[in-house]
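Q: Take this structure, written in C-alpha cells, and hold onto it; I'll ask about it next.
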Amino acid sequence: MASPELRNHVIICGYGFLGRSLAADLTSAGLPFIVIDNQREHVRLAQQMGHPLYRGDDLMDENELLAVGIEQAQTLVAVLPDDASNVFITLTARRLNHKLQILARGDLPATESKLRFAGADHVILPASISAQRMVQLITRPTVLDFLEAKEERSHLIELLTQLDVQIEQFTLPLDSPLVGLAIADLEGRGRGHFIIIALRRANGVLVTHPPLTVVLEPADTIIALGHLAEIRLFFQQNAYRYQMRYRGRGLPS
C-alpha cells in the first residue's frame, strides 16, 4: 500500500528494463516514486534494489492504481511489455486523475497515436528514448494535442479486444433515475464492471475522459469500457435503453 504521505509522485507501472532504468534515474534525481508490478522476478528485483514497491494482483484493476495514490500522483509511466495493457492503464489512469501526466510505452511507432487517443501525454518508444529523457519529460512536461482521428479509434478497439474489453454506448431516457448522478456514483453502482471514458451531451458535445465529478443529464449518451456482457447486464437490469450502433467501431464521431 502506498504511504499516505506520498504525494506529487511518479507511479511506474512495470519493472522491466525500462522501468528499472527509470527508477534508478528518479532515485538519482531525488524524485518520489512507487513501482507497481505483479511479476515475481520483477518484484524480487525491486525489493533487492530497495525501490518503493506495491505488488499488484491485476494491474488492469483501477483499485491497484488507487492503492498507489494515483489521485495524488503527478505522473504515471506505463511501461508494461505489451501495448494493449499500456493502453488500458492509460485509459483508466486518465479517468481517475484528469490532471495526471501520463507517459506510455509503445513498441511500434504506429502505436503512438492510439496511446495519445487513450490519454497519454507522451509516448515512449524504447528504441528511441532513454530513461534519462523520460525523467526530463516528467520534470519538464510539454502539453501535446489530443488525437481526434477517427481511424485511430478503430485501432484502439483492436488493442482493447486483446484484453477482452469493448466500448459500448448507452443513451439515458429523459426520465432515467441515473440523471443527476455523478460518473463516480454510476461506476460505483456498476461495481467496477465498467468505466466511463466519454460522454456525449444532448447538444452533441463529446466530452472525452470526463472527470468523476461530472453529473449525468437527460439524454446523455454514456460511452463505457469493460466486458460487454457485464455492461449489458447492468443496464438491462436497470431497465435502461442501450444502443449497439457503435460496438466494435470505436467512439462516435
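Q: Whole-Å semi-axes of the stretch 1-115's equivalent ellipsoid, largest first, each the root of 5 times a Cα gyration tensor eigenvalue?
A: Values: eigenvalues 75, 55, 37 Å².
With the √(5λ) rule applied to the stretch 1-115, the semi-axes are 19, 17, 14 Å.
Q: In the stretch 168-240, carbon and sulfur make up what percent of the accessible area (probe 1.4 Å)?
A: Details: 1730 of 3170 Å².
Percent of accessible area from carbon and sulfur atoms in the stretch 168-240: 55.
Q: Please report the carbon-and-sulfur percent of the accessible area for the stretch 1-125; probe 1.4 Å, protein heavy atoms only, DNA, RNA and ligands left out.
A: Exposed carbon and sulfur together represent 49 percent of the surface.
Q: With a 10 Å radius around each residue's Cβ, average the other Cβ atoms per peptide and rank 79-86, 10-17, 94-101, 51-58, highest first.
A: In descending order of packing, they fall as 10-17, 79-86, 94-101, 51-58.
Q: So between H193 and T171, what do we pick up on full extension, going 0.36 nm a residue minus the alpha carbon distance?
A: 6.1 nm
Q: Residues of the stretch 52-74 with backbone nitrogen within less than 17 Å of a virtual label 7 Å along the Cα-to-Cβ line of D82, please, listed as ranges.
A: Taking a point 7 Å out along Cα→Cβ of D82, the residues of the stretch 52-74 whose backbone N falls under 17 Å are 57-61.
Q: If we sort 166-174, 188-196 on the protection proxy, mean other Cβ atoms within 10 Å, highest first, what's the order?
A: 166-174, 188-196
Q: Here's something else I'd like to know. What is the local net charge at R20, summed over the other residues whose Cβ is closer than 13 Å to its Cβ (Lys, Arg +1; Asp, Glu -1)?
A: Residues close to R20 contribute a combined charge of -2.
The values are calculated or read from the model by the stated rules, or taken from the named source; none is laboratory data. Just so it is clear, the structure is predicted and the values come from calculations on it, not from any experiment. Every residue, glycine among them, receives a Cβ derived from its backbone with ideal geometry; neighbour counts consider all protein chains shown. Each accessible area value is taken on the protein alone, full model and side chains, heavy atoms only, with ligands, DNA and RNA left out. Shrake-Rupley method; radii C 1.70, N 1.55, O 1.52, S 1.80 Å.
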